[in-house]
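Report on the structure given below.
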Amino acid sequence: MATSKIASTVDQSSHSVMSVQHLIAKEPLSSIPQHFVRQQERQSPFSNIETGSLPSIPTIDMEQLLSDVAAPGADIEFQKLLSVCKEWGLFQLVNHGVSDSLLEKLKEETEEFFQLPFEEKVKYKMEGDFEGYGNMVLSDNQKRDWGDRMYMVTNPLHKRKPYLFPELPSSLRSTLEIYIEELQKLSMKLLGLLARGLKVETREVVELFEDGMQSMRMGYYPPCPQPELVMGVSAHTDGTGITILNQANAVNGLQLKKDGVWVPVNALPNAFLVNIGDILEILSNGIYKSVEHRATVSSDEERISIAMFFYPKFGSEMGPLASLTNPNNPPLFKRIGMEDYVQGFFSHLSTGRSHLQHLKISLKNN
Ligand code: OGA
Ligand code: NI
């Protein structure tokens, strides 16, 4: 996948940390190490709004959505999906068809994975790219997130790193295989519906994502004695078509930016959080919004999440869909091949700049 290199996550200087979980397990912290402290970012989230008056995140019912499609005319849920993706770029998905028992098993096995001794997990440590286990350290002076992650490309199969997915504990691996397959089907259904909502040939979008690149990030956010000083995941948009986030132990933390204000998501047990990523914003020529989001951490509860990222397939090229643009509605983004896109995305990640911004066409030059 991305060829961009990142600073090693192994202890090279006294400041480097491989894992937040194991750093704090060694000895109780008397204060938060400076490289996690982001006071400025955390100071103003709700300063201009009463928390009680925040809008709540829309919920979409997948069963309702599919029955809408079977009975055209009665498409209330479908219309809701479209307006939510234009205005919010994110929704909670219920009745999604992935069984509670599978979700329960996955939650338990993910917890067990993060509870493995450090020596076990270090086998999966990041090796010069973004894949693997650990607290991501991009550079010595960059602020770090209060959380550890295990990030892996899961599709196409030949891109799976031999020391990652195939080496996972076998029960976790087989649960993940089933989960990935289920989410893959779900993502294709959602992408098909979103394409239909654009009134383009559904095939145009579906073919792009069929056997597309897929990756997974399991996240572990330990409790933090001063959660107001740190960030579990700093603000970003996803580089995906869509992302399906499973807030496995239903601990709150995720927030999205709406009209300049950070709005917290009230995690519903066994629901998914689906968000639009940069690629769907590009394909839809700005109709669907890639939403900025972040995750905070708690003072007394660990938070576990599993994000699945869905991208187009390698070898494809993407840009605003031709049927959506015309002289009065010019393309807002440049066309780009999937390989270049992935490389660009990760190199922008290292510098903290927005890749989507970089792909925007300046209309003045048009
Ligand atoms: C991500 C993300 C949120 C979370 O990995 O892109 O937004 O709760 N994760 O882990
Ligand atoms: Ni994200």
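Equivalent ellipsoid semi-axes for the range 102-217, as square roots of 5 times the alpha carbon gyration tensor eigenvalues: give them largest first, rounded to whole Å.
On the way: eigenvalues 181, 68, 36 Å².
Taking √(5λ) for each Cα gyration eigenvalue gives 30, 18, 13 Å.
Between Ser298 and Gln357, the modelled label-to-label distance comes to 3.4 nm, taking each label 7 Å out from Cα in the direction of the beta carbon.
Were the residues from Ala25 through Leu102 laid out at 0.36 nm apart, the gain over their Cα-Cα distance would be 24.7 nm. Size descriptors for the range 241-351: radius of gyration and Dmax over Cα atoms are 16.5, 55 Å.
Hey, could you get me the Stokes-Einstein D for the chain, Kirkwood radius over alpha-carbon pairs, 20 °C and 1.002 mPa s, rounded to whole µm² s⁻¹? Each step should come with its number before you reach the end.
Numbers: Rh = 21.3 Å.
Stokes-Einstein gives a translational diffusion coefficient of 101 µm²/s.
Based on C-alpha pairs under 8 angstrom that are at least 6 apart in sequence, the range 32-359 has a relative contact order of 20 percent.
Using only Cα coordinates, the Kirkwood hydrodynamic radius of the range 296-366 works out to 15.1 Å. In the full protein context, the range 32-359 carries 42 Å² of accessible surface per residue, based on a 1.4 Å probe and ignoring ligands, DNA and RNA.
What order do you get for 20-26, 108-114, 142-148 when each peptide is scored by the mean count of other beta carbon atoms within 10 Å, highest first?
142-148, 108-114, 20-26
As a rough guide to protection, the peptides 116-122, 231-237, 315-321, 272-278 ranked by mean Cβ packing within 10 Å, highest first, stand as 272-278, 231-237, 315-321, 116-122.
Is there a pair in Lys26/Lys121; Lys107/Lys313; Lys86/Lys258; Lys125/Lys161; Lys80/Lys289; Lys86/Lys334 whose C-alpha atoms are over 18 Å apart, and which pairs would that be? Don't skip to the end; give the middle numbers.
On the way: Lys26/Lys121 16 Å; Lys107/Lys313 29 Å; Lys86/Lys258 12 Å; Lys125/Lys161 12 Å; Lys80/Lys289 15 Å; Lys86/Lys334 21 Å.
With Cα atoms farther than 18 Å apart: Lys107/Lys313; Lys86/Lys334.
Amide H to amide H distances under 5 Å link Ser19 with Asn135, where only residues 5 or more positions off or on other chains count and H is placed in the peptide plane. Shape descriptor for the range 128-279: Rg over Rh equals 0.97 (Cα atoms; Rh from the Kirkwood inverse mean 1/r).
What FRET efficiency do you get for Lys125 and Asn326 if R0 is 56 Å and r is their Cβ-Cβ distance, rounded to the nearest 0.05? Approximately 0.65, to the nearest 0.05.
A simple spin-label model places pseudo-atoms 7 Å from Cα toward Cβ; at Lys199 and Ile76 they are separated by 2.4 nm.
Give me the Å³ per residue figure for the convex hull around the C-alpha atoms of the range 277-337. Show your work: numbers first, answer last.
Numbers: hull volume 6.3 nm³, N = 61.
Cα-based convex hull of the range 277-337, divided per residue, equals 103 Å³.
Take the alpha carbon atoms of the range 166-250, find their radius of gyration, then divide it by 2.2 N^0.38 Å using N residues; give the quotient. The partial results should precede the final answer.
Numbers: Rg = 16.8 Å, N = 85, 2.2 N^0.38 = 11.9 Å.
Rounded to two decimals, the normalised Rg is 1.41.
In whole percent, and with a 1.4 Å probe on the protein chains, what portion of the accessible area of the range 32-359 is carbon and sulfur? Mind showing how you got there, number by number?
Working: 6740 of 13690 Å².
For the range 32-359, the apolar C and S fraction of the accessible surface comes to 49 percent.
Of the DSSP H helices in the chain, those with a Cα length along their own long axis of 15 Å or more and a mean Kyte-Doolittle hydropathy reaching 0.0 comprise 76-87, 170-197.
The distance between label points at Ser347 and Ser67 comes to 5.1 nm (points 7 Å beyond Cα on the Cα→Cβ vector). In order along the range 24-38, the Karplus-derived 3J(HN,Hα) couplings, from 6.51 cos²θ - 1.76 cosθ + 1.60 at θ = phi - 60°, round to 7, 6, 5, 7, x, 7, 7, 8, 6, x, 3, 6, 9, 7, 10 Hz, and Gly and Pro are given as x.
Evaluated at 20 °C with a viscosity of 1.002 mPa s, what Stokes-Einstein diffusion coefficient in µm²/s does the range 74-167 have when Rh comes from the Kirkwood expression over alpha-carbon pairs? Each step should come with its number before you reach the end.
Working: Rh = 16.9 Å.
Once the numbers are plugged in, D ends up at 127 µm²/s.
The values are calculated or read from the model by the stated rules, or taken from the named source; none is laboratory data. As the structure is a prediction and not an experimental result, all values here were calculated from the model. Note that we place each Cβ from the backbone using ideal geometry, even for glycine, and neighbour counts take in every protein chain shown. Please note that ligands, DNA and RNA were not included when accessible areas were found on the heavy atoms of the full protein model with its side chains. Shrake-Rupley method; radii C 1.70, N 1.55, O 1.52, S 1.80 Å.
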